[in-house]
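What follows is a single structure, written as structure tokens, with notes after it.
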Amino acid sequence: MWPLGYAYAALGWPTFHLCGLMHGTFVAAWPTLSILAFLALGYLPLFPRIDDAALLIAGLVWGLLLATAFNIRHALGFEIAYGLFSATAVIVAVLCIFAKHRLRLALLVVSPLVFLNLDLLLAPPALEQLVSRAIFDLKQLLPPVAFSLAGYVLGSLARVVIKRSPRTA
């Protein structure tokens, strides 16, 4: 995870810098970087390649950037946060036009957000707090997942329209 920490520290970005990784955001970075490494290894001859690996890598990189912005959305303002969600819908739509497994891509883009915002993974609360925290966490995750799924629908529709359009020679 140190390359991610150094990159974020050098750029002055929050969330995944070295100090942030030491204080809890490794919960989001570790699984995301593991998936990213798994997809990247497919480009080596010894490992089997996953379909849409390049598109999934691009989606995960955007997901890491989105997780940073989502984590500091109160400082940025909700207008910027929802602008980034709209950008997510557009990016997912464009990637879904070319992807074979579109739903997998749409859900993978928001996976860093899911890992970052499920605080239940860090310290399990008492049973009565568990349900209220889980509901709160899921409500927080609803907008980015909805925008990603909207991008999935738009990309799938655009793919159908492109395939049905007559080709002129």
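Do we have any residue at all in the stretch 85-102 that's more than 16 Å from Ala53 (Cβ to Cβ), among the hydroxyl-bearing types (Ser, Thr, Tyr), open to solvent by 20 Å² or more (accessible area, probe 1.4 Å) and at pLDDT below 90? The answer is no; no qualifying residue exists. Of all residue pairs spaced 6 or more apart or on separate chains, those with beta-carbon atoms under 8 Å, a first member in the stretch 42-59 that is among the aromatic types (Phe, Trp, Tyr) and a second member that is surrounded by fewer than 15 Cβ atoms within 10 Å (Cβ to Cβ) are Tyr43/Arg49; Phe47/Leu41. Consider the stretch 137-160 and keep the residues that are within 15 Å of Val109 (Cα to Cα) and open to solvent by less than 30 Å² (accessible area, probe 1.4 Å). The one that is farthest from the chain's Cα centre (by Cα) is Gly155.
The values are calculated or read from the model by the stated rules, or taken from the named source; none is laboratory data. Not measured: the values here are computed from a predicted model. When we count neighbours, we look across all protein chains shown, and the Cβ atoms used for this are built from the backbone with ideal geometry, even at glycine. For the accessible areas, the whole protein counts, side chains as well, though only heavy atoms, and no ligand, DNA or RNA atoms are used. Shrake-Rupley method; radii C 1.70, N 1.55, O 1.52, S 1.80 Å.
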